[in-house]
Amino acid sequence: MRVDAHHHLWRYDAAEYGWIDEPMRALRQDFLPADLERELRTAGVDAAVAVQARQTMEETRWLLELAKQSHVIRGVVGWAAIAAEDFPAVLEELAAEPLLKGLRHVVQAEPEGFLDSAEFNRGIAAMRGTGLVYDVLVYAPQLEEAARFVDRHPEQMFVLDHMGKPAIAHDGFAAWASDFRELACRENVMCKVSGMVTEADWQRWSAEDLERYFDVAVESFGSSRLMIGSDWPVLTVACEYGQWWETTGKWMERLSAAEREQIEGGVAARVYRL
């Protein structure tokens, strides 16, 4: 089973999606399950995990409803107010949803030290035993903070989104690689090979330019802790859906069939309990 471990869905509303700026204007439209399913069929992808794009419970519940009606959306990584005092009660409700596989907060938009806050860590601790994964969305300069955060929760499963968002367009390889490798030393952290083309130069990126980032990911996490995500539809500002799978497939040519099967679907299926 080939699994797209990271995609989004939305009904576009300018007020709700203010982060979709003018360079991303092509994203100012609806992206719904029928659109996703068409892309998956063309690329030969069997299943997908929908990930939150707005920080509202309304969106989390909407994604869960869409997943219930879809034969390809096998799980949802939603949002909840993890730092709120009533989070344990909300968590009890959410954990009863079989299609909810994890939670995410947009930490990349938060100030330095957010992952050190007592309130947020209290919420993450409450997730222990629920089976829910926490997706870590940070920029490369936040990776050191993310490592401290993970160390406080050794029994929690974490997934690093978009390889920690290295500044590829600005040759941020060296600064990223050191902290990325350090985070990978934590066995309870998985990593998504996703979001790379939008961190690169959208018009000039090449598979060869990005391959060294993938190579570090394989060396650091191994095939047993990596998964492929498209970040569709965001990736379409720089890359077609099928092109991304062709690119990652080219990078994996030197790997064994078993390693490739793990990265293309096995790890996502295991970690997200698909």
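The values are calculated or read from the model by the stated rules, or taken from the named source; none is laboratory data. Values in this document were obtained by computation on a predicted structure and should not be read as measured data. Reconstructed Cβ throughout: ideal geometry from the backbone, glycine too, with neighbour counts over all protein chains shown. Note: accessible area is taken over every heavy atom of the protein model, side chains too, but ligands, DNA and RNA are not part of it. Shrake-Rupley method; radii C 1.70, N 1.55, O 1.52, S 1.80 Å.
Quick notes on this one:
- Hits in the stretch 148-176 - residues which are surrounded by fewer than 19 Cβ atoms within 10 Å (Cβ to Cβ) and assigned to a helix (DSSP H, G or I): R148, D151, A169, H170, F173, A174, A175
- Among residues of the stretch 191-214 being open to solvent by less than 20 Å² (accessible area, probe 1.4 Å) and either in a loop (DSSP other than H, G, I, E, B) or not hydrophobic (A, V, I, L, M, F, W, C) (or both), the one that is farthest from A5 (Cα to Cα) is A200.
- Out of E93, E112, sole residue that is assigned to a helix (DSSP H, G or I) and open to solvent by 10 Å² or more (accessible area, probe 1.4 Å): E93
- Hey, A217 touching a residue at least 12 places away in the same chain (Cβ under 8 Å), surrounded by 22 or more Cβ atoms within 10 Å (Cβ to Cβ) and part of a helix (DSSP H, G or I) or not: yes
- Residues of the stretch 180-226 that turn out to be of a type in the set (F, W, Y), more than 26 Å from T236 (Cα to Cα) and in contact with a Phe, Trp or Tyr (Cβ under 7 Å, 6 or more places away or on another chain), as a count: 0
- Close contacts from the stretch 118-129, counting a first residue that is part of a loop (DSSP other than H, G, I, E, B) and a second that is not polar (S, T, N, Q), with Cβ to Cβ under 6 Å and a gap of 6+ residues or different chains, come to R128/E155.
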